[in-house]
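The next block holds one structure in the form of C-alpha cells; read it before the comments.
Quick note: the coordinates plus some simple rules give every number you see, no bench work behind them. Since the structure is predicted, the reported quantities are computational estimates derived from the model, not experimental observations. Note: ideal-geometry Cβ built from the backbone for every residue, glycine included; neighbour counts use all protein chains shown.
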There are 2 protein chains.
Amino acid sequence: MKTTTIPTISTGALSASRKVYVPGRLHDILVPQREIAVSNEVPVVVYDSSGPYTDLEPQINIAKGLKPVRGRWQQQRGDVQEYPARAVTSADNGFAEGARLTPAFPVQRAPWKARDGKAVTQLAYARAGIVTPEMEYVAIRENEGRLAAYRRDGESFGAELPDLVTPEFVRDEIARGRAIIPANINHPELEPMIIGRNFLVKINANIGNSAVTSSMEEEVEKMVWAIRWGADTVMDLSTGRNIHNIRDWIIRNSPVPIGTVPLYQALEKVGGIAEDLSWEVYRDTLIEQAEQGVDYFTIHAGVRLHMIPLTIERVTGIVSRGGSIMAKWCLHHHRESFLYEHFDEICDIMRAYDISFSLGDGLRPGSIADANDRAQFAELETLGELTKIAWAKDCQVMIEGPGHVAMHKIKANMDKQLKHCDEAPFYTLGPLTTDIAPGYDHITSAIGAAMIGWFGTAMLCYVTPKEHLGLPDRNDVKTGVITYKLAAHAADLAKGHPGAQIRDDALSRARFEFRWEDQFNLGLDPDTARSMHDETLPKEAHKLAHFCSMCGPKFCSMRISHDIRAEAQKHQGMEAMAEKFREGGALYVPVEKVNEPAE
Amino acid sequence: MKTTTIPTISTGALSASRKVYVPGRLHDILVPQREIAVSNEVPVVVYDSSGPYTDLEPQINIAKGLKPVRGRWQQQRGDVQEYPARAVTSADNGFAEGARLTPAFPVQRAPWKARDGKAVTQLAYARAGIVTPEMEYVAIRENEGRLAAYRRDGESFGAELPDLVTPEFVRDEIARGRAIIPANINHPELEPMIIGRNFLVKINANIGNSAVTSSMEEEVEKMVWAIRWGADTVMDLSTGRNIHNIRDWIIRNSPVPIGTVPLYQALEKVGGIAEDLSWEVYRDTLIEQAEQGVDYFTIHAGVRLHMIPLTIERVTGIVSRGGSIMAKWCLHHHRESFLYEHFDEICDIMRAYDISFSLGDGLRPGSIADANDRAQFAELETLGELTKIAWAKDCQVMIEGPGHVAMHKIKANMDKQLKHCDEAPFYTLGPLTTDIAPGYDHITSAIGAAMIGWFGTAMLCYVTPKEHLGLPDRNDVKTGVITYKLAAHAADLAKGHPGAQIRDDALSRARFEFRWEDQFNLGLDPDTARSMHDETLPKEAHKLAHFCSMCGPKFCSMRISHDIRAEAQKHQGMEAMAEKFREGGALYVPVEKVNEPAE
C-alpha cells in the first residue's frame, strides 16, 4: 500500500466504561451493553454499537476478522446451503492491478444462500411465528434503561412504544413490516440491531475510500471510528478501485450492518458511462455484494421516466448520485429503469440472502426551494408501491427520505411516508433546515433530524461539517456521529422512550453535585468535554471544585442552590432561619482565588 | 494592562460584501445593510448588525467611541434634560486600584434623563401615535429582501408577518407591547433594532471579562467579534473588578443594544454576600448603568418567596445566577425580594432612560428532568403580572425563558408565555433538548432554539460549545453566533418571513452552477466554508471545477443533472433523444484526474 502512515485500529474501553454481555433466555446469545461507572450511584447502562473493539482487552486482528456472533444461526434453520462463490473479476476492483491492488481478505468462506427459492428473511420467519435469535438479541439490546421503571413522558405521534421490548414484540413489529433487522446471512460477524419507529432512533454514518490513496487498515479504521462514537450502521459508499476487496475487509471486521449502493460499483464496471449500465451488470453486482455479506442495498427503483421532467425546473435538479445516474439512463434509453422493470428479480435475490431494501430517494430535494415538490412525492408514492411488492416476496424494506426541507415542511414528509409506505421504517438524510450555512450543515441538519426522528423516522443518516464542501476527515466523522447521536437521543426523549431520560438525569445529578468526571463520562464525548473543561481549569484538584470557570465560585448558581437546599431541608417550615443562614458561609471568595479550587 | 498580547479590533468588509446605507423618508436617517456580490446575478442584501466595523474603510478609534447614529433624536423630542452624572466610586470598579484599574473611557458626557417624570420610552411615543426615527430605522432594516416580492410559504402559529414592514406597523407593534426597541437615551451610538414575534428572529451573544486578565481592547473586541458574525444584541455579564470602566468602553463602541444583569454588580458592591444586598445598593447600580447607556436590564423580579420550596426537589435546583442569588436573599430575610417590592420604582427609572425590561427567568430549568415544572411556570405567571405593571408605566418589556427542555415540551412554553405575558417578546436561552452532550450544547440547544423561534420566540440567547464546561474563547463565540444565526434563519424560513428564502435560493443556485466563491460568500461563514473546501481541493482552478472532492466528477449528481437538463430542454418532447445523449459526453473521467479540475 502506498499510504504514508498506516493507521492503527482504535480499540480500548470508552471512558469509565466496561462492556457487559447479557445472556438470552430463548437462545444462546450474549448481548453487549456498555456500563458507565458513576461515583456513589448505580452504573448507567447504555446502548452500545461499538463492537468488541471497546472490550476491556480487545483481541483484534483485522486480517482474521471478528469472531462470528451469529455462529451458525442461519444454518441451523436448515433452509440455507453453501455454494461456490462467484469468481472475483478484475472489474470488481476497478481493474486495479499489481501494487495498486488492495490484497484480498485472507480468509475466504464459501457463501450461503437460501435453498430452493426459500425466503430466509427475518420477515419470513416473523410471519411464520418464529422468534429468531436475531429477534431476541435486539429485544435485549433495546431494553437498556427500561427495567429501571422510569417515568414516561412524551408525544409519540402514534408510535407504540412498549414498556418492555419483548422478543415477541420484535417479531410482531417485523411481521407487520414496521421494523427491520438488516442481517445478510453471509455476515455472521454482525451484532443484530433493529430499525423501526417503535424502537430507539438509530443513526448511520457514511464512509468511502478516497480516490487517491486507501489501504485496508484505513478503511477498516473509518468504520471502527464511526461505531466507536455511536454509529448504528455504516454505509460504504466507495467508488473507484479496489472496492470489492476493501468491502471484504470492512464486512469481515464489522459488528454493525453494512449498507451499499450497488449502482456505484455497477457504474464502475461499465467505465462510468451511465447509458451502458444494464440489468446483467447490475444483477451480477448484487450477487457479488450479497455473497460478501452486505446487509442492505440502496436501490433507486422509484425514479421513473415520467418523473424526470418534474425535476427540470428545480433550483438544484437531482442531487442524489444514484437518482441522477438512473435518470440519465432512463432518458437515454427512453424507458423505465432496469431497477423498476426487474424489481421482482431483485426481490428474489434479496430474499435469498436476507438483504434489506433501502429504497432510495433519487429525487430528494437538494435545496429549500425544491422541498416537498411533485417530483419528490411522486417518487415516494412509487416507493410505497414497491414496498408492497417486496413485502409480498418476504423482503425487509426501509424507505429513504428528506434532504433539504424547512421546518414547517418536515412533518408532511413523515405523514406521507407513513401513509404511502404503510409504516415501513423511514431512513432520512437530515433534513437540512436551511441552505445558508455551508461548514455547519451537521447543525442545520441536526435540527431537522431531531424533529423528524421525533415524528417517527427510524434511522437518521448523518451529515458532517464538510457536507457540500469536501471529503470528511476523521474529526468530521466524529463530529457528525456525535451530532446525530444527540439528535437521535433528543428524539427518543421527546417520543417518550421509557428509560431514555436515565442518562440525562444521571448526568444532571453529576452536574449539580460538581462530580466533574461523572459529567464527562456520562456525556456522548467524554474526551472533548474534559479537554474543554481543562483549557481553563487544568489541575486535577479542579475536578472536585464546586464551580467552573464560566461563573467562578462567587456566581455559581448550583453552589448557591445547594446552600438553599441545605437550609430549606434543615428548617422545614422555613421559619426563623434568617440568622442561621449567615452561618452557612458567605458566597464571597476573594477574586484571587477564582482559579483555585474552593474545597 | 497586564495582558501579554493586545488584540486588535476586527475590522474590514465581510467576504464579497459592501455596506450600503438606505435613507429614511420620514426622518434624516441612514440604515446599514450588507450587499453580497454574486456573479451574474443581482447582489443579495442581508440584515447587518456588524456596525461601522465592516465598512469598506472603517474609521475606528476605540478611545473615541463610535460616531452617534441617533444624533440628538432624543433631545429633539424636548422631553429630556442633561444633568450631572452620579460620581463613580471605587466600589463601581470592584475596588480596583493603580495598575489593576482599567482606565476610564476618555470622553465623558453628562447623562440625559426624562424631564419631570415624563416617559421617554418608545412605548410611550408609540402609544401617543408618534413614529420616532428609531421606528422608521428598524422598519427599513427589517425589509431586506421583502421588496423582491418573494413567494410566501410557512406556518406562523399566529404571528402576523406583513408583506412590507412600515414605520406605522412598527409603531403599532410597539404600542401593543408586542415588540421593543431597546434603546437607552444615553446610547446614541446605537443602530436601533427591534425584537418581536412579527419581526426577524434575533440572537444575543453573552460576553464577560475574565477574572484573571482583561483590557479594554480585549473586551471591546469580544463585542465587535460577536456582532461581526451576526449577534443582534450583546449582554455584558462581567463580574469582579473594573466592570464600570469596561462597560463604558463597550457601550461607547457598540452599535448594538447592550444588556446587563445589574444584580451582578450590586453583589460585587456588597462583597459577594447575597444577604447584604439591599434596594439602596441595587437602585444605585441601576442609575449608574442607566447613565452609561445600558439598553436592557435583566431583572429577576419574578422569583417570589413561595416559589423557592418548589425548587427543592429539582434535579438541578436553581441554575440562573440571578435567580439563585435572589432566592438566597429571600430565604435569609424571609420576605419578598426588593426587586418585587420596589418594582414600581424600578419602572420609574427604566422609563426615565428608556431602558427595556428583560424580565429574568430565575427559575428556568437546568435539566430535562426539571422542565415545565411548577416553579418555572409559577414564575412565568408572575412575569406576566409584572409585564402589565411595566406597561402601565410605559416601559418596554421582554420576557426571558427556557433552559433545558425536551422537544415535546417546547411549544407549551411558548403558548403559556404568549398567554400570560400578552405577546410581550419572548427571549429564550436555547432550549437545550438533551443533557447528555457536554461540549456540543450549541447543537443540543440550536435544535430547541430553531423550534421555539419558529413557534414565536423573538430573540434567542446563544449557547457556546463550552456551556457547562468553561469560559468560551474567540472560536467558541463565533461557533455559538453562527449556530444561532442558522437556527434563527431556519425559524424565519419556517414562519414564512417574506424574503427570508432569497439567500437560500441564491446560495443553492450557486451550488448547482458550481460557482464555488458565490457559495462561500453567501454562507454565514465564508471563511470556514472556503477553508474546508480547500483542504482537499486547494488550487484556484478548483473554484471553477464542476465537482468537489465529496463525490469527484464521475459521481457528481449536479453535474449529471445539468446534462439531463440540457438534453431535456433541447428535446422538449423527450422523444428520439436516445442517440443524442451519447454525444453529450460520457460521465467517465479517468480516476487519475479526480483531483484535477474537469474544465
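Across peptide B:445-456, the average count of Cβ atoms from other chains found within 10 Å of a residue's Cβ is 4. When only Cα pairs below 8 angstrom with a gap of at least 6 residues are kept, region B:373-513 shows a relative contact order of 19 percent. Taking Cβ atoms as reference points and 10 Å as the exclusive limit, the residues near B:Ser367 contribute a net charge of -1, counting Lys and Arg as +1 and Asp and Glu as -1.
Between B:Lys67 and B:Asn40, the contour length at 0.36 nm per residue exceeds the Cα-Cα span by 6.1 nm. Length available on full extension from A:Glu168 to A:Ser278: 0.36 nm per residue minus the Cα-Cα distance, which gives 35.4 nm. Sorted from nearest, the other copies put their B:Asp422 label points 5.6 nm away, the label point being 7 Å from Cα in the direction of Cβ. The mean count of C-beta atoms from other chains within 10 Å of the C-beta of residues in B:533-541, rounded to a whole number, is 3.
Based on the alpha-carbon gyration tensor of region A:388-465 and its eigenvalue square roots a ≥ b ≥ c, which shape applies: rounded if a/c is under 1.5, prolate if not and a/b is larger than b/c, or oblate? In terms of gyration-tensor shape, prolate. Taking each residue as 0.36 nm, the span from B:Ala85 to B:Asp373 lengthens on full extension beyond its C-alpha to C-alpha distance by 99.3 nm.
The alpha carbon gyration tensor of region B:1-91 gives principal lengths a ≥ b ≥ c with a/c of 1.5 or higher and a/b no greater than b/c, which makes the shape oblate. Between A:Ala110 and B:Glu160, the FRET efficiency estimated from the beta carbon spacing at R0 = 56 angstrom works out to 0.20. A label point on B:Ala99, set 7 Å along the Cα-to-Cβ line, lies at 6.3 nm from each of its counterparts in the other copies, closest listed first.
Where a ≥ b ≥ c are the square roots of the eigenvalues of the C-alpha gyration tensor, would you call region A:296-440 rounded, which needs a/c under 1.5, or, failing that, prolate if a/b is larger than b/c, or oblate? Since a/c reaches 1.5 but b/c is at least a/b, the shape of region A:296-440 is classed as oblate. In this simple spin-label approximation, B:Glu535 and B:Gln76 carry label points 7 Å from Cα along the Cα→Cβ vector, and these lie 5.2 nm apart. Taking all Cα pairs closer than 8 Å and separated by 6 or more residues, the relative contact order of chain A comes to 15 percent. Summary for A:Asn475: label point 7 Å along Cα→Cβ; distances to the equivalent points in the other copies, ascending, 0.6 nm. Each stretch of four or more DSSP H residues adds -39500 (n - 2.57); spread over every residue of chain A, this sum gives -11000 deg cm²/dmol at 222 nm.
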